[in-house]
Amino acid sequence: YNADFFKTLLEKISARKLLDTGFIVVRIENLNEITFERGYAFSSRLLSDTASEFLKFAGEKDLCARTAKNEFIMVKISTTGKATSDTERNLIKALKDLNPSVRYASGSAVQNSDMSIDAACESARKGLA
């Protein structure tokens, strides 16, 4: 799904007051360099491969979106912090194994009762490392 779908999804999750929603954010930090050095076709394939890996790690209730040129987010419904961080760790390992020359940054967070859905998503973005 795309960024517009993602915004709508966050609004619906917020309206339904769902808790235990996890976010995994992954960015390709050197996408522009890769495009310049290896060309558009390689970058396009890299983005497609990244999306495919996301889908492999998503559960039945999870949703994935490409929210920016170099950013992907997985939304995990009814999850735990441990399950979210385990998925993030395994996903990043698989992505790095797929193409070691790519610099991935990732972060994850789970919404708790004290935070809004937007705050949880932003927390995952801020955790990019």
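From the residues in region 113-127 that are assigned to a loop (DSSP other than H, G, I, E, B) and either closer than 16 Å to Phe72 by Cβ or in contact with a helix residue (DSSP H, G or I) (Cβ under 8 Å, 6 or more places away or on another chain) (or both), which one is least open to solvent (accessible area, probe 1.4 Å)?
Step by step, filter region 113-127, then rank; the result is Gly127.
So for region 71-80 (the condition being surrounded by fewer than 19 Cβ atoms within 10 Å (Cβ to Cβ), farther than 22 Å from Leu9 by Cβ and touching a strand residue (DSSP E or B) at 6+ places or on another chain (Cβ under 9 Å)), does at least one residue qualify?
Within region 71-80, none of the residues are surrounded by fewer than 19 Cβ atoms within 10 Å (Cβ to Cβ), farther than 22 Å from Leu9 by Cβ and touching a strand residue (DSSP E or B) at 6+ places or on another chain (Cβ under 9 Å).
Residues being among the hydroxyl-bearing types (Ser, Thr, Tyr) and open to solvent by less than 10 Å² (accessible area, probe 1.4 Å): count how many of those fall in region 46-70.
1
List the residue pairs whose Cβ atoms are under 6 Å apart, where the first residue sits in region 26-52 and is within 20 Å of Lys93 (Cβ to Cβ) and touching a residue at least 12 places away in the same chain (Cβ under 8 Å), the second is part of a helix (DSSP H, G or I) and open to solvent by less than 40 Å² (accessible area, probe 1.4 Å), and the two are 6 or more positions apart or on different chains.
Short answer, once both residue conditions are applied: Ile34/Ser43.
Looking only at region 71-93, count how many residues are of a type outside the set (Val, Ile, Thr) and under 14 Å from Ile28 (Cα atoms).
Of the residues in region 71-93, 4 are of a type outside the set (Val, Ile, Thr) and under 14 Å from Ile28 (Cα atoms).
Could you please find all residues in region 1-31 being in a helix (DSSP H, G or I) and more than 19 Å from the chain's Cα centre (by Cα)?
Ala15, Arg16
Which is aliphatic (A, V, I, L, M) and in a helix (DSSP H, G or I), of Ile34, Ile73?
Just one listed residue meets the conditions, Ile34.
May I ask you to verify whether Phe42 is under 9 Å from the mean Cα position of the chain (by Cα) and assigned to a helix (DSSP H, G or I)?
Here the answer is no, as Phe42 does not meet what is asked.
Could you tell me which numbered condition Tyr104 fails, if it satisfies all but one of (1) open to solvent by 50 Å² or more (accessible area, probe 1.4 Å); (2) touching a residue at least 60 places away in the same chain (Cβ under 8 Å)?
For Tyr104, the exception is condition (1).
Take Ile24 and decide whether it is modelled with pLDDT under 95, surrounded by 16 or more Cβ atoms within 10 Å (Cβ to Cβ) and touching a helix residue (DSSP H, G or I) at 6+ places or on another chain (Cβ under 6 Å).
no
Going by the conditions given, is Asp97 part of a helix (DSSP H, G or I) and either open to solvent by 80 Å² or more (accessible area, probe 1.4 Å) or in contact (Cβ under 8 Å) with a residue 60 or more places away in the chain (or both)?
Considered against the rule, which asks whether it is part of a helix (DSSP H, G or I) and either open to solvent by 80 Å² or more (accessible area, probe 1.4 Å) or in contact (Cβ under 8 Å) with a residue 60 or more places away in the chain (or both), Asp97 comes out as yes.
The values are calculated or read from the model by the stated rules, or taken from the named source; none is laboratory data. In this text, all values refer to a predicted model and were calculated from it rather than measured experimentally. As a convention, Cβ positions derive from the backbone with ideal geometry for all residues, glycine included, and neighbour counts pool all protein chains shown. All accessible areas refer to the heavy atoms of the entire protein, side chains included, with ligands and DNA or RNA removed. Shrake-Rupley method; radii C 1.70, N 1.55, O 1.52, S 1.80 Å.
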